[in-house]
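Worksheet: the structure to be examined is printed underneath.
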Amino acid sequence: MEAHGGYTFCGMAALVILGKEHLLNLRSLLRWVTGRQMRFEGGFQGRCNKLVDGCYSFWQAGLLPLLHRALHARGDTSLGMRRWMFDQLALQEYILLCCQCPAGGLLDKPGKSRDFYHTCYCLSGLAIAQHFGSGDLHQEVVLGVPENRLVSAGAKP
């Protein structure tokens, strides 16, 4: 069976909810998911030997906070406390330069049509790439001008 980013995220999230993430080989999963971020494009592919797709900005990047939390709970001292374990700026660059539709919305990759699915998951991935931490620990990494920063839908101006 071939590993797939969306299924992997869902499986990991389910194990986190059940408190069973210790059943996984977290270091192996970390190696696999970080290998899905493509150096040239900056975005993530969903499977080995596939093209980058905007939706994996969430499915793959979303695994990293879950892995970070699980590894931190195990006492892993190699984790950084200022950023996720992927190139956050490269992912933002891919989303902002390659996935935006001039008429609004986001898309899979250049040459494709915008749709609600890719808009949702590209924005979710962009939020992960821009924000690190929770609670008292919070770091922001925003590519380019301050206007590129996503604002919470519940935030008041």
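The set of residues in region 122-157 that are more than 15 Å from Leu64 (Cα to Cα), at pLDDT 90 or above and not basic (Lys, Arg) comprises Cys122, Leu123, Val141, Val142, Leu143, Gly144, Val145, Pro146, Glu147, Asn148, Leu150. Do we have any residue at all in region 32-50 that's among the polar types (S, T, N, Q), at pLDDT 95 or above and in contact with a Cys (Cβ under 7 Å, 6 or more places away or on another chain)? No.
Of the residues in region 73-122, how many are within 30 Å of Arg27 (Cα to Cα) and of a type in the set (Lys, Arg)? Matching residues across region 73-122 total 4.
Scanning region 29-55 for residues that are surrounded by 13 or more Cβ atoms within 10 Å (Cβ to Cβ) and either of a type in the set (Gly, Ala, Ser) or touching a helix residue (DSSP H, G or I) at 6+ places or on another chain (Cβ under 6 Å) (or both) turns up Leu30, Val33, Glu41, Gly42, Gly43, Phe44, Gly46, Gly54, Cys55. Take Leu63 and tell me if it is in contact (Cβ under 8 Å) with a residue 40 or more places away in the chain and either over 24 Å from Gly144 (Cα atoms) or among the β-branched types (Val, Ile, Thr) (or both). In short, yes. Within region 92-107, is even one residue assigned to a loop (DSSP other than H, G, I, E, B) and touching a residue at least 40 places away in the same chain (Cβ under 8 Å)? Yes, region 92-107 has at least one match.
Cys101 fulfils the conditions (1) at pLDDT 95 or above; (2) in contact with a Leu (Cβ under 8 Å, 6 or more places away or on another chain) except for a single criterion, (1). Between Leu26, Leu79, Leu18, Leu89, the distinction of being farther than 21 Å from Cys122 by Cα, aliphatic (A, V, I, L, M), surrounded by fewer than 20 Cβ atoms within 10 Å (Cβ to Cβ) and in contact (Cβ under 8 Å) with a residue 40 or more places away in the chain belongs to Leu26 only.
So that you can scan it fast, the table gives a plain yes or no per residue for (1) under 22 Å from Pro110 (Cα atoms); (2) out of contact with any Ser or Thr (no Cβ under 7 Å at 6 or more places or on another chain); (3) not polar (S, T, N, Q):
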{"residue": "Ala3", "(1), (2), (3)": "no, yes, yes"}
{"residue": "Gly6", "(1), (2), (3)": "yes, yes, yes"}
{"residue": "Gly19", "(1), (2), (3)": "no, yes, yes"}
{"residue": "Leu23", "(1), (2), (3)": "no, yes, yes"}
{"residue": "Arg31", "(1), (2), (3)": "no, yes, yes"}
{"residue": "Phe44", "(1), (2), (3)": "yes, no, yes"}
{"residue": "Arg69", "(1), (2), (3)": "no, yes, yes"}
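Taking the criterion of being of a type outside the set (A, V, I, L, M, F, W, C) and closer than 21 Å to Gln92 by Cβ, the residues of region 51-79 that qualify are Asp53, Gly54, Tyr56, Ser57, Gln60, Gly62, Pro65, His68.
The values are calculated or read from the model by the stated rules, or taken from the named source; none is laboratory data. Nothing here was measured: the structure is a model prediction, and the numbers come from that model. Glycine also receives a Cβ, built like all others from the backbone with ideal geometry; neighbour counts cover every protein chain displayed.
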